[in-house]
Amino acid sequence: MGKSKLIGMTVLALVWLWLVWMLLQAGGINLKNILVAAMTGIIIFVPLYKKYFGKQ
């Protein structure tokens with residue numbers, strides 16, 4: 001994995017964490033918001049994991 005891909009993944013993860021933090025601050029910590037955060041993480045990071053860390 002190149003340096004630029006690592007920086008891109010890090011920026012994406014930081015933006016996602018910031019958005020999840022905003023969601024939990026605005027809507028409170030409840031089951032619905034936790035599930036939404038988990039589902040968005042799965043939708044965003046599983047394909048990237050398969051692409052960059054899958055079969056080499």
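So here's what we get for this one:
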{"quantity": "Accessible area, probe 1.4 Å, largest first, for residues Phe53, Phe45", "calculated": "Phe53, Phe45"}
{"quantity": "Solvent-accessible heavy-atom area per residue, rounded to whole Å², over the chain at 1.4 Å", "calculated": "84 Å²"}
{"quantity": "12 Å reach of a label modelled at Ile44, 7 Å along Cα-to-Cβ, counting backbone N of segment 1-29", "calculated": "9-23"}
{"quantity": "Cα-derived Rg to Rh of the chain, Kirkwood definition", "calculated": "1.08"}
{"quantity": "The chain: angle of helix 31-53 to the longest principal axis, Cα-based, in degrees nearest 10", "calculated": "0 degrees"}
{"quantity": "With Cα atoms, 0 to 90° folded angle of helix 3-27 axis to the chain main axis", "calculated": "10 degrees"}
{"quantity": "Accessible carbon and sulfur surface of the chain relative to its total accessible area, %, 1.4 Å", "calculated": "75 percent"}
{"quantity": "Heavy-atom SASA rank of Ile29, Ile34 (probe 1.4 Å, accessible area, largest first)", "calculated": "Ile29, Ile34"}
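The values are calculated or read from the model by the stated rules, or taken from the named source; none is laboratory data. Values in this document were obtained by computation on a predicted structure and should not be read as measured data. Reconstructed Cβ throughout: ideal geometry from the backbone, glycine too, with neighbour counts over all protein chains shown. Surface areas here come from the heavy atoms of the whole protein model, side chains and all, with no ligands, DNA or RNA. Shrake-Rupley method; radii C 1.70, N 1.55, O 1.52, S 1.80 Å.
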